[in-house]
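The values are calculated or read from the model by the stated rules, or taken from the named source; none is laboratory data. On a predicted model such as this, the values are computed, not experimentally measured, just so you know. Cβ: placed from backbone, ideal geometry, glycine included. Neighbour counts: every protein chain shown. Areas reflect the complete protein model, heavy atoms only, side chains present, ligands, DNA and RNA absent. Shrake-Rupley method; radii C 1.70, N 1.55, O 1.52, S 1.80 Å.
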Amino acid sequence: MLVKTYCAAVNGLEVTTVTVEVSMSRGVQFHLTGLADTAVRESYDRIKAALTNNGLKMPSMDITVNLSPADIKKEGSGYDLPLAIGILAANSKVESERLDKYMLVGELGLDGRLQPIRGALPIAIRARKEKFKGLIVPQQNIREAAVVNQLEVYGMDNLMDVIKFMNGDTSYEPTIIDTRREFYARQTLFDLDFCDVKGQESVKRALEVAAAGGHNLIMIGPPGSGKSMLAKRLPGILPPLSLAESLETTQIHSVAGKLSRDTSLISQRPFRAPHHTISQVGLAGGTSKAMPGEVSLAHNGVLFLDELTEFNRATLEILRQPLEDRKITITRANYTVEYPCSFMLVASMNPCPCGYYGDPLHKCTCTPGQISRYLSKISGPLLDRIDIHCEIQAVPFAQLSKMQPGEPSASHRQRVIKARLIQEERFKDYKNVHCNAQMTERMLHKFAEPNDASLEMLRLAMEKLSLSARAYSRILKVARTIADLEGSDKVQSQHIAEAIGYRNLDRSDWAERGG
């Protein structure tokens, strides 16, 4: 007897419907074809134990299973459930009438319990696209899969529940989630707030400008000055995720297996802060299973690199292409996948090896040569992609103990949202351009052209401060954002002046100043 069940293969964010064909004839062997990896081939042992421990038996027949299309590699343990149901249906233990209406995914424990799988959300989207009536997933994956409407999604605890459902012995209600209500209810729930940070008003301003224009930012200051504390509060002032952005971000985290059990849609912008010992694969993605890396997990959010100069230089160079293209293509011997990675890069570092260069409270013990070598760990092309350079000093205790709480994140966020709305209107006719940081040179001439007075100020600044040529367009982009925050149609002299102040690392004498 030949029966068919349906599941899915996940390769990056691309999902392919897989038909599990099960045929039985006289004999005692088990054959599995269709480019299955080790985890899929081992499914026979898990299925056999699960059936035995639930009072059923593996058929004493020659069983041939084909996973079609056979030229696509099948990875992971999510094929256990469709394989088990297909074998039982071929042995007349499960009714076959409903098999073509449902897609099934899930790993089987030896006791028959269903274990969670990766990629439930993109699989659910594929099931709806293929016009399946419903999708059966492990109970742990139900919330992320039920995000998809116009699809009946059932969360099952064990194999026997699925058998009863397919045979019509027990009726189950599909899980329905009010996605929009939950999504919007969680968008403003932040544990960290700017009001907790005393002082550092100039740095808060720089972070607000960065959030308003989508600019990359680096903070340079001594240990304990609050760099990490400020960076962790950045997501609280970024514009809220749209539903489309949330769905795309949630898919990436679903494929990576990073969603918690109570999560349906990611409602807040991601904040990823990998340790400086991270490998190139960990940052960019890859491994044998084409998992997304930190740059993709930070999609539509923030990638924070603390102690930037401690990262391996070769690892940091990986960021150059994703920062420009906002996507990353991972190519290995047996696969090629593409993940989106449109993120804000926020980095922090000490100004020198000892950490106290320029600090009025501590004496720096580093020579100019040591400082220069320390800063050279960050390549020019990478630094070129960071729009805002912000120096930060520790707040003295005498001031720290007297200061009142700062401005709350909600106030910063309102100004950022207002500026982003201006940019959305400005770039509505440009594909894949949503904020000032993404402007091309041609767009700069159209939207951020300085007047004669501003141009003269910029010329003098570049000459007197020995600013590099690469600083020119970055200054104009940041100035355009500062103008948007003020609601100004034109880029004016004060906007240029503030933007010039955010290019400290471009100064030729930065590492030679007394400190």
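Would you mind telling me which numbered condition in (1) closer than 29 Å to G226 by Cβ; (2) open to solvent by 70 Å² or more (accessible area, probe 1.4 Å); (3) touching a residue at least 40 places away in the same chain (Cβ under 8 Å) Y502 fails?
Checking Y502 against (1) closer than 29 Å to G226 by Cβ; (2) open to solvent by 70 Å² or more (accessible area, probe 1.4 Å); (3) touching a residue at least 40 places away in the same chain (Cβ under 8 Å), the one that fails is (2).
Yes or no, residue by residue, for (1) basic (K, R); (2) at pLDDT 85 or above; (3) surrounded by 11 or more Cβ atoms within 10 Å (Cβ to Cβ); (4) under 18 Å from A211 (Cα atoms):
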position	(1), (2), (3), (4)
A394	no, no, yes, no
Q399	no, no, no, no
S411	no, yes, yes, yes
K418	yes, yes, yes, yes
L444	no, yes, yes, no
S454	no, yes, yes, no
I475	no, yes, yes, yes
G487	no, yes, no, yes
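For region 100-140, which positions are open to solvent by less than 10 Å² (accessible area, probe 1.4 Å), within 15 Å of V10 (Cα to Cα) and not hydrophobic (A, V, I, L, M, F, W, C)?
Selection gives G106, G119, P122.
Filter region 143-168 for residues that are touching a Lys or Arg at 6+ places or on another chain (Cβ under 9 Å), free of Cβ contacts under 8 Å to residues at least 60 places away in the same chain and of a type in the set (A, V, I, L, M) and give the result.
Answer for region 143-168, where residues must be touching a Lys or Arg at 6+ places or on another chain (Cβ under 9 Å), free of Cβ contacts under 8 Å to residues at least 60 places away in the same chain and of a type in the set (A, V, I, L, M): V148, L151.
So in region 228-282, with the set limited to residues that are under 13 Å from A298 (Cα atoms), of a type in the set (D, E, K, R) and in contact with a strand residue (DSSP E or B) (Cβ under 8 Å, 6 or more places away or on another chain), which one is most open to solvent (accessible area, probe 1.4 Å)?
Per the stated criteria, the residue is E248.
Is there a residue in region 202-211 that is open to solvent by less than 70 Å² (accessible area, probe 1.4 Å), within 16 Å of G301 (Cα to Cα) and either without any contact (Cβ under 8 Å) to a residue 24 or more places away in the chain or not hydrophobic (A, V, I, L, M, F, W, C) (or both)?
Looking through region 202-211, at least one residue is open to solvent by less than 70 Å² (accessible area, probe 1.4 Å), within 16 Å of G301 (Cα to Cα) and either without any contact (Cβ under 8 Å) to a residue 24 or more places away in the chain or not hydrophobic (A, V, I, L, M, F, W, C) (or both).
Could you say whether any residue in region 353-366 is buried (at least 20 other Cβ atoms within 10 Å of the Cβ) and touching a strand residue (DSSP E or B) at 6+ places or on another chain (Cβ under 6 Å)?
No - not one qualifying residue is present in region 353-366.
Please return the ranges of strands (runs of 3 or more DSSP E) entirely within region 319-372 where 1 or more residues are of a type in the set (F, W, Y) and either on the phi > 0 side of the Ramachandran plot or within 14 Å of the chain's Cα centre (by Cα) (or both).
On the way: elements: 327-331, 336-340, 344-349.
Counting at least 1 such residues, we get 336-340.
Which residue pairs have Cβ atoms closer than 7 Å, lie 6 or more positions apart in sequence or on different chains, and pair a first residue in region 80-106 that is within 13 Å of P138 (Cβ to Cβ) with a second residue that is open to solvent by less than 10 Å² (accessible area, probe 1.4 Å) and among the acidic types (D, E)?
Correct list of pairs: G106/D80.
On the given criteria, is K57 open to solvent by 20 Å² or more (accessible area, probe 1.4 Å) and under 36 Å from the mean Cα position of the chain (by Cα)?
Values: open to solvent by 20 Å² or more (accessible area, probe 1.4 Å): yes; under 36 Å from the mean Cα position of the chain (by Cα): no.
No.
For region 312-337, give me the residue count where each residue is in contact with a Leu (Cβ under 8 Å, 6 or more places away or on another chain) and open to solvent by 10 Å² or more (accessible area, probe 1.4 Å).
Of the residues in that region, 4 qualify.
Just to verify a result, which residue in region 19-75, among those that are polar (S, T, N, Q) and either out of contact with any strand residue (DSSP E or B) (no Cβ under 7 Å at 6 or more places or on another chain) or free of Cβ contacts under 8 Å to residues at least 12 places away in the same chain (or both), is nearest to L110 (Cα to Cα)? Give the derivation first.
Taking region 19-75 as the starting set, the residues that turn out to be polar (S, T, N, Q) are 19, 23, 25, 29, 33, 38, 43, 52-54, 60, 64, 66, 68.
Keeping just the survivors that are either out of contact with any strand residue (DSSP E or B) (no Cβ under 7 Å at 6 or more places or on another chain) or free of Cβ contacts under 8 Å to residues at least 12 places away in the same chain (or both) gives 38, 43, 52-54, 60.
On the way: T38: 17, S43: 10, T52: 9, N53: 7, N54: 10, S60: 19 Å.
The extreme case among them is N53.
Tell me yes or no: at least one residue of region 291-302 is open to solvent by 40 Å² or more (accessible area, probe 1.4 Å), in contact (Cβ under 8 Å) with a residue 40 or more places away in the chain and of a type outside the set (A, V, I, L, M, F, W, C).
no
Out of curiosity, is R442 at negative phi, part of a helix (DSSP H, G or I) and without any contact (Cβ under 8 Å) to a residue 12 or more places away in the chain? Talk me through it step by step, then tell me what you get.
On the way: at negative phi: yes; part of a helix (DSSP H, G or I): yes; without any contact (Cβ under 8 Å) to a residue 12 or more places away in the chain: yes.
Yes: the conditions hold for R442.
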